[in-house]
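Any read-out appearing in this document is the output of simple, stated calculations on the displayed coordinates, not a laboratory observation. Just so it is clear, the model here is predicted, and its values are computed rather than measured. Reconstructed Cβ throughout: ideal geometry from the backbone, glycine too, with neighbour counts over all protein chains shown.
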Amino acid sequence: MAISSKYILKQGSALAALGEAALTTAVQSVRGVPSGTITTPGKELYTVVPPRDAGLVRDYVRHVGGSPSAYKRSLPVHLFPQWAFGLASKTLRGIPYPLSAVMNGGCRLEVLQPLPNNEPLHVRARLESIDDNGRRAVLHQRIVIGTPSTPDALIAHMYPIIPLRKKGGSSDKPKKKERPRVPEHAREVAFWRLRADAGLDFAKLTGDFNPIHWVPSYARMFGFRNTILHGFSTMARTMESLHQNLFAGSAMIREWDVRFTRPLVLPARVGVYVVHPNEVYVGDAPGGPAYLTGTFSTEVPSPSTTKE
């Protein structure tokens with residue numbers, strides 16, 4: 001199902017954040033990357049966003065393979081970047097790193113309560129820490145989301161990675177680590193056929209219009225043969241695959257911790273694989289390369305509990 005371009009008009013904060021990032025990159029290319037250090041944890045930023053558009057949520061859930069009927073009263077927690085990306089981007093103002101090189105390293109979610117879909121969302125964000133080993137800087141952003149009736153319902157941790165150019169000769173280069181693979185004994189629970197325009201459709205629904213996800217020529221400039229899928233799209237599809245095919249409504253994810261280990265070039269055919277009791281992978285096949293690796297924990301909901 002093609003996603004309507006009308007949803008672009010609902011992505012104001014995300015598009016503003018991308019514009020600010022582009023301006024920062026342009027300034028850095030002229031003036032250079034700012035020097036100095038930054039104190040962490042940083043200042044906590046706060047905003048309130050209106051209830052999410054019901055049509056956008058419905059089409060987003062369908063796009064990532066979920067059932068809209070499962071979200072009659074609550075929001076899918078994996079949609080959080082759509083309303084939090086703008087504020088989270090502001091936590092990176094002034095950091096002494098080239099933001100043009102930033103990559104999405106992973107995400108951890110703590111789901112304390114369902115998020116009602118008819119209330120304003122209260123969002124707090126801050127830069128928690130920076131791990132700089134001279135070769136790369138891993139940033140830790142902490143985002144807390146709630147509503148008037150469910151304060152602090154969702155805690156999201158994002159881990160952007162910025163590669164750094166270490167001064168010195170080839171002797172300074174570390175040995176490449178073996179990238180994760182899907183375990184041979186993993187069980188397939190879902191299989192996706194991803195179209196070439198999957199990145200563009202996800203961008204329309206979330207506001208993340210980084211051109212590496214939807215402009216082939218731009219992706220090729222970075223060494224990819226075509227556009228690559230958003231890490232958060234891979235994550236959302238994985239969560240819905242578990243809900244649909246593994247839990248079948250009998251459980252809900254309470255903790256979720258994933259790493260994006262390889263770019264997923266579009267179009268693609270990949271599977272979701274699990275290893276008992278709580279490991280999950282996205283890859284080509286058992287024994288093959290993994291694009292996402294992670295762990296999760298679940299809870300059996302009470303009759304009064306609404307699914308995420």
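Listed from fewest to most Cβ neighbours within 10 Å, the set K90, K6 follows the order K6, K90. Looking at segment 31-100, none of the chymotrypsin sites (Phe, Trp or Tyr not before Pro) sits in a DSSP loop with at most 14 other Cβ atoms within 10 Å of its own Cβ. Under Stokes-Einstein, with the Kirkwood radius over Cα pairs as Rh, the value for the chain at 20 °C and 1.002 mPa s is 106 µm²/s.
Contact order for the chain, expressed relative to its length and based on alpha carbon pairs under 8 Å spaced 6+ residues apart, stands at 21 percent.
Counting neighbouring Cβ atoms within 10 Å and putting the fewest first, the residues T39, T234 line up as T39, T234.
Taken one residue at a time, the phi angles of segment 194-210 give Karplus couplings (6.51, -1.76, 1.60, θ = phi - 60°) of 9, 7, 5, 9, 4, x, 5, 5, 5, 4, 4, 7, 10, x, 7, 9, 3 Hz. Gly and Pro are set to x. Per-residue Cβ neighbour counts within 10 Å put S74, S5 in the sequence S5, S74, beginning with the fewest.
Checking the Cα-Cα distances for K43/K176; K90/K204; K10/K43; K176/K204 against a 32 Å cut-off, the pairs over it are K43/K176; K176/K204. Just so you know, the Cα atoms of segment 42-127 work out to an Rg and Dmax of 14.8, 45 Å. Net charge in the neighbourhood of A125 (other residues with Cβ under 11 Å of its Cβ; Lys, Arg +1, Asp, Glu -1) is +3.
Close amide H pairs (under 5 Å, H built 1.01 Å from N) link L115 with L75, residues at least 5 positions away or on another chain.
Report the local net charge at L246: Lys and Arg +1, Asp and Glu -1, summed over other residues whose C-beta lies under 13 Å from its C-beta. With Lys, Arg at +1 and Asp, Glu at -1, the net is -2.
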